[in-house]
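One structure below.
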Amino acid sequence: MTEFIRFHRPSIGDEEINEVVDTLRSGWLTSGPRVARFEQEFSKQVGARHALAVNSASAALHLALAGLKIGQGDEVITTPMTFCATVQAILHVGATPVLADIGADGNIDPEQIKKRITKRTKAIIPVHLAGLPCEMKVIWPLARLRGIHVIEDAAHAAGAHYEGRPIGAGPVGVATASDAVAFSFYATKNLTTGEGGMVTTHRPGFAKSLRMLSLHGTSHDAWDRYSEHGDWHYDVLAHGFKYNLSDIQAAIGIHQLRKLEQFIERRAFYANVYHDAFAGMDQVELPPDNPRCRHAWHLYILRLNLERLKIDREEFIRALQRKGIGTSVHFIPIPLHRFFAQLPLARDACPRALDLYPRIVSMPLYPAMTEEQVHYVTHCVRAVLEHSRRARFLALGHSCSDSARRV
Ligand SMILES: *Cc1c(COP(=O)(O)O)cnc(C)c1O
């Protein structure tokens, strides 16, 4: 194998390239007809009534929190196993992030959410880690009974299904659904526009205020003014942001969206190749799945059984690197970051996230990989694991000396 297998490579075809070129030649670069089309097709595909294209999922989360008027003195519950952006968004509106520990599936544990709820709790942000949906049928009623908002961080979950319905659609009868769902189109995500995101909702009034807030809090966007009114007039109605997506990015997104089903199928197929190769090995644990869901397989997070290995996660990563394979780690738990560690949230215990963290490694998994590359990865992982197996008698000897020391 000569070419290094990068941790990620986007799948960009001629469709995306030609649409970008057409956009550049069209004379309309900012949010315009292509953004409108992307929003329409996206909302249809995920089964949401409204979709607003924004320039990142970070922006989508911030907008949703601001649109729900969450701020100073309010608490927002989320998971420690997420990208820092989830927590930064909560801090941007002046609210207090509260961490609820993960369950066995790596997602936020509804039982832990319950323990963290106070009179000040205004919202819950569950994160569908790796593309595996959270237990929404527990989280939705838990929040609704207490008048708490739900914003889903679906940065990994474009194309995932929860109990037969796409993430974004919510349950049958949308009264119990999330207030907003935030998707990411960052370069490494399942569907990419380079940078970009989408926020979906079922509430028309909320959709309108999100749109207004995404463009400086003004009354109309540039395309509306141009196409419907042809006028120069606008009014500033609220303290808004500059969060809109450009038509150049939407040009990519339109075609990525049309390929999303194919992408997910390919991801699931490769995930199965990994499962088959690693299932019999007691040095690792396979990533969790849920038979009632369609996993989007944004990430394949292998869990090392460190007590059965002579090497740690870092050495495992370096061994694969030497064989020409890129890996990553998702995620460094929130309290382990220096900035977050100074916040009161650091006092919150999330022992399960901290226990899991040293064991996790994300394997390369994306549609631009060839089947041959996937098999090469399985071959190398198996070789490294076999070579690094801790012999049983050694493991016993280790625990003996431990107890000897204790005595
Ligand atoms: C990538 C990611 C985000 C942020 O997405 P951007 O589009 O880069 O802002 C938020 N949450 C999670 C869990 C992510 O992985």
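Using the structure shown, decide if D289 is among the charged types (D, E, K, R), under 30 Å from V87 (Cβ atoms) and at pLDDT 95 or above. Criteria met by D289.
Residues of segment 122-135 include at least one that is open to solvent by 50 Å² or more (accessible area, probe 1.4 Å) and either within 22 Å of L91 (Cα to Cα) or not assigned by TED's automatic domain parsing to the domain that holds T86 (or both). When residues in segment 336-373 are screened for being over 23 Å from the mean Cα position of the chain (by Cα) and modelled with pLDDT of 95 or more, 4 of them pass. Within segment 42-78, the set of residues being part of a loop (DSSP other than H, G, I, E, B) and either β-branched (V, I, T) or more than 20 Å from A100 (Cβ to Cβ) (or both) comprises G47, A48, R49, N55, S56, K69, I70, G71, Q72.
For segment 58-114, the set of residues classified as among the small types (G, A, S), within 19 Å of G197 (Cβ to Cβ) and within 17 Å of the chain's Cα centre (by Cα) consists of S58, A59, A60, A64, A85, A89, listed by residue number. Somewhere in segment 76-89, is a residue within 13 Å of the ligand (Cβ to nearest atom), within 17 Å of L354 (Cα to Cα), in contact (Cβ under 8 Å) with a residue 24 or more places away in the chain and open to solvent by 30 Å² or more (accessible area, probe 1.4 Å)? Checked against the condition, which is being within 13 Å of the ligand (Cβ to nearest atom), within 17 Å of L354 (Cα to Cα), in contact (Cβ under 8 Å) with a residue 24 or more places away in the chain and open to solvent by 30 Å² or more (accessible area, probe 1.4 Å), segment 76-89 yields at least one hit. Which residue is surrounded by the fewest Cβ atoms within 10 Å (Cβ to Cβ), if the candidates are limited to segment 174-214 and must be within 13 Å of the ligand (Cβ to nearest atom), more than 19 Å from I124 (Cα to Cα) and among the aliphatic types (A, V, I, L, M)? Looking at residues that are within 13 Å of the ligand (Cβ to nearest atom), more than 19 Å from I124 (Cα to Cα) and among the aliphatic types (A, V, I, L, M), I get A187.
The values are calculated or read from the model by the stated rules, or taken from the named source; none is laboratory data. Because the structure is a prediction, the values reported are computed rather than measured. All Cβ positions, even for glycine, are placed from backbone atoms using ideal geometry, and neighbour counts span all protein chains on display. For the accessible areas, the whole protein counts, side chains as well, though only heavy atoms, and no ligand, DNA or RNA atoms are used. Shrake-Rupley method; radii C 1.70, N 1.55, O 1.52, S 1.80 Å.
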